[in-house]
1. Can you tell me which condition residue 281 does not meet? The list is (1) assigned to a loop (DSSP other than H, G, I, E, B); (2) in contact with a helix residue (DSSP H, G or I) (Cβ under 8 Å, 6 or more places away or on another chain), and all the others hold.
2. From (1) surrounded by fewer than 23 Cβ atoms within 10 Å (Cβ to Cβ); (2) within 16 Å of the ligand (Cβ to nearest atom); (3) in a strand (DSSP E or B), pick out the condition that doesn't hold for residue 89.
3. For the condition within 16 Å of the ligand (Cβ to nearest atom), assigned to a helix (DSSP H, G or I) and surrounded by fewer than 17 Cβ atoms within 10 Å (Cβ to Cβ), what is the one hit in 210, 218, 204?
4. Testing residue 176 on (1) of a type in the set (A, V, I, L, M); (2) away from the ligand (no atom under 13 Å from the Cβ); (3) assigned to a helix (DSSP H, G or I), one condition comes back false. Which one is that?
5. Just checking, which of 61, 73 is part of a loop (DSSP other than H, G, I, E, B) and under 24 Å from residue 103 (Cβ atoms)?
6. Could you check, for the range 149-166, whether at least one of its residues is away from the ligand (no atom under 16 Å from the Cβ) and under 23 Å from residue 94 (Cα atoms)?
7. Being part of a helix (DSSP H, G or I), in contact (Cβ under 8 Å) with a residue 60 or more places away in the chain and buried (at least 18 other Cβ atoms within 10 Å of the Cβ) is true for just one of 228, 250. Which residue is that?
8. Taking the range 161-173, which residues are part of a strand (DSSP E or B) and within 18 Å of residue 277 (Cα to Cα)?
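Just so it is clear, none of the values below were taken in a lab; they were calculated from the coordinates. What you see is a predicted model; the values in this text were computed from it and never measured. Neighbour counts are summed over all protein chains in view; Cβ atoms, including those assigned to glycine, are modelled from backbone coordinates with ideal geometry.
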Amino acid sequence: MKKTAKAYANIAFIKYWGKTNEELRLPSTSSVSMNLDKCFTLTTVEFAQKYYKDSFELIGGKVTEKEIEKVSGHLSRIRKIAKSTQFAKVVSQNSFPKDGGVASSASGFAALTVAAANALDLDLSEKELSILARLGSGSACRSIPDGFVEWCEGKTSEESFARSLYSPSYWDLRDILVIVSTQAKKIASTLGHHLGKQSIFYEKRVSQAKKLFLEAKKAFLKKDFPLLGEIMEKDCLAMHSVMMTGSPPLFYWLPKTVEIIQKIYQWREEGIPVYFTIDAGPNVHLICEGKDEKRFLEKVNKIKEIKNIIINKPARGAYLINEHLF
Ligand code: DP6
């Protein structure tokens, strides 16, 4: 059967960096995120007798042998549950350029999980889909549920899944993603999670993130934007400190990244409530409330030599669509 799914990328306010079990992708800390409406992946999966091996194609981009292996490995997890021996053809398309500064593994594995499970006629719950997506790429489990999402760390695979805290309409937040470089990262996140464990700050950041996770949930409950902003910056800087002091160190920032951070501090002094968070790369996610978007964008548009700006609103979780890619 052939099925197609759409899944959105997500930005974490409290981040996932470091695992207690690398194979099962069990995180050292719980995380909180928002799905991003302008950054999504469409994936069509067809299982059939006519295929003699799994294939994976990305419209408008190249895929490496390693990526094909990862996709096939994920299909095998789903085949096992469905007791199927059929191979599949997989075709994906991103709304953003691959290696263009937006991580595609979250939306990619979430869309693959939903499309493949349905193509094999599995009737899985949101929790089961989230657990499966997590096994493909940790952050992908947060792209399964709607809107604003929490991923509780869990001690076992069964306990480690994401669930929706609030629907996309709960809080009119914006993620203004400023792309300062479109270069692919030299070290993949999966290895980065492991290298960070050598950092002298690793355990400290884990214990701080556990506290900040609870604080972030309070900020959501009260819709307290300055509180959420302070927390997200604190955890982002702690995570990057771990990255920078791992072995070998991972230094993701560019001069432009620092320039934008400095500008954000300055804009806050001028009275614009805007905060930043940064994933495993140099691009900066500027988070503000919808009511401040316009006056804030005027400032952002004046920053010189940036590659692209993507303005994201909160999005729903992963779902099936009727239009197939082949
Ligand atoms: C910095 O989910 O890409 O974006 O589980 O090894 O595939 P793997 O890692 P991945 O890590 C994402 C890390 C992050 C922070 C976050 O999204 O929480």
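1. (2)
2. Only one criterion in (1) surrounded by fewer than 23 Cβ atoms within 10 Å (Cβ to Cβ); (2) within 16 Å of the ligand (Cβ to nearest atom); (3) in a strand (DSSP E or B) is unmet by residue 89, namely (2).
3. 210
4. Only one criterion is unmet by residue 176, namely (3).
5. Of the residues listed, the single one that is part of a loop (DSSP other than H, G, I, E, B) and under 24 Å from residue 103 (Cβ atoms) is 61.
6. No, the range 149-166 contains no residue that is away from the ligand (no atom under 16 Å from the Cβ) and under 23 Å from residue 94 (Cα atoms).
7. None of the others qualify; the one that does is 228.
8. Scanning the range 161-173 gives a single hit, 173.
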